[in-house]
Amino acid sequence: MPELEASTNPGARRARPLSPHLQIYRPMLTMMMSIVHRITGAALYFGTLLLAWWLIAAASGPNAYANFEWFIGSLIGRVVLFGYTWALIHHMLGGIRHLIWDTLHGFEPAEREMLALATLVGSIGLTLVVWVIGYLAMGGPR
Amino acid sequence: MSNAPQMRTPMRRVRGLGAAGSGTGHFWHQRVTGAAGIFLTIALIVIAISLLGRNHAAVVQILGSSPVAIIMLLFIVNSAYHMWIGMQEIILDYVHEDNLKLLSLMANTFFVVVVAAAACFAILKLSFGV
């Protein structure tokens, strides 16, 4: 085999074929949901700063809390909070999917597709439900 | 396969602890904290919605009450460990240069400990009214 001969020849380095990576595969829903699970996890990692700010502001006093309320009530703040809500719920549903897989269920092609779709549709749906309830609790958008 | 040079000693193989020396411990802990996280996340969303639109005094009173404070502490500690394992896994997947890898792993630990400690301190302060 030419590859083996080349490898035993000291100093001979040639470009070797690499195993295929992401760019060679057609994007699929299950693949996208796997990637999104990691991305939402990383986003939540830094989103914890938002949670910590909220708690520290509440513990620090009315002025600090007013600053937090101003930010979270602003357009950017609401977008960030909406993204945090979706990432939290999506990562939770993706995690439930992983726990189902841990029981050795849900590996058939149709089941995989169904679980991936349920994660996406479920996370968007639940996020909207949570925000509608949130706005209702505040007495409508303001 | 059996002709491949054996890089690990028989003792290392029989212990099954892998390169990090901790075996499947993190895998299992990620499942435990993940399962706990389902309940704690739902609780966090309910708590957050119930606090919407309330003034500072009311928020302090509710967040500092025992059941809410305990749930918040559990959420933070559970999430902190879960995200520490998760970020370590991401770093080990993508950062291959030794110095950068060690610095990233250290930064991960520092970030998680500082954020979790600050958040826990805030809850305890709200609870004990100091």
Margin query: Need pairs with beta-carbon distance below 6 Å; first residue within 19 Å of A:Glu111 (Cα to Cα) and within region A:15-30, second basic (Lys, Arg); sequence gap 6+ or separate chains.
Written below: A:Thr30/A:Arg112
Next item on the list: Answer with yes or no whether B:Ala80 is within 9 Å of chain A (Cβ to nearest Cβ), among the small types (Gly, Ala, Ser), crowded, with 17+ Cβ neighbours inside 10 Å and assigned to a helix (DSSP H, G or I).
Entry: yes
Check: Which of the following residues is modelled with pLDDT of 90 or more, of a type in the set (Gly, Ala, Ser) and in contact with a helix residue (DSSP H, G or I) (Cβ under 8 Å, 6 or more places away or on another chain): A:Ala12, A:Ala87?
Finding: A:Ala87
Item checked: Residue satisfying condition, being within 21 Å of B:His26 (Cα to Cα), more than 9 Å from chain A (Cβ to nearest Cβ) and surrounded by 14 or more Cβ atoms within 10 Å (Cβ to Cβ), within set B:Leu92, B:Leu103 -> B:Leu92
Note to self: Taking the conditions exactly as written (surrounded by fewer than 16 Cβ atoms within 10 Å (Cβ to Cβ) and closer than 22 Å to A:Phe82 by Cα), does B:Ile42 satisfy them or not?
What the structure shows: yes
Notebook entry, point to check: Which numbered condition trips up A:Ile76, out of (1) crowded, with 18+ Cβ neighbours inside 10 Å; (2) farther than 22 Å from B:Glu89 by Cβ; (3) β-branched (Val, Ile, Thr)?
Noted result: (1)
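Yes or no, residue by residue, for (1) under 18 Å from A:Trp86 (Cα atoms); (2) not in a helix (DSSP H, G or I):
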position	(1), (2)
A:Arg97	yes, no
A:Ile100	no, no
A:Leu104	no, yes
A:Met114	no, no
A:Thr119	yes, no
A:Ile124	yes, no
A:Leu128	yes, no
A:Trp131	yes, no
A:Leu136	no, no
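The values are calculated or read from the model by the stated rules, or taken from the named source; none is laboratory data. All figures in this text were calculated on a predicted structure; none of them were measured in a lab. Positions of Cβ are backbone-derived with ideal geometry, glycine not excepted, and every protein chain shown enters the neighbour counts.
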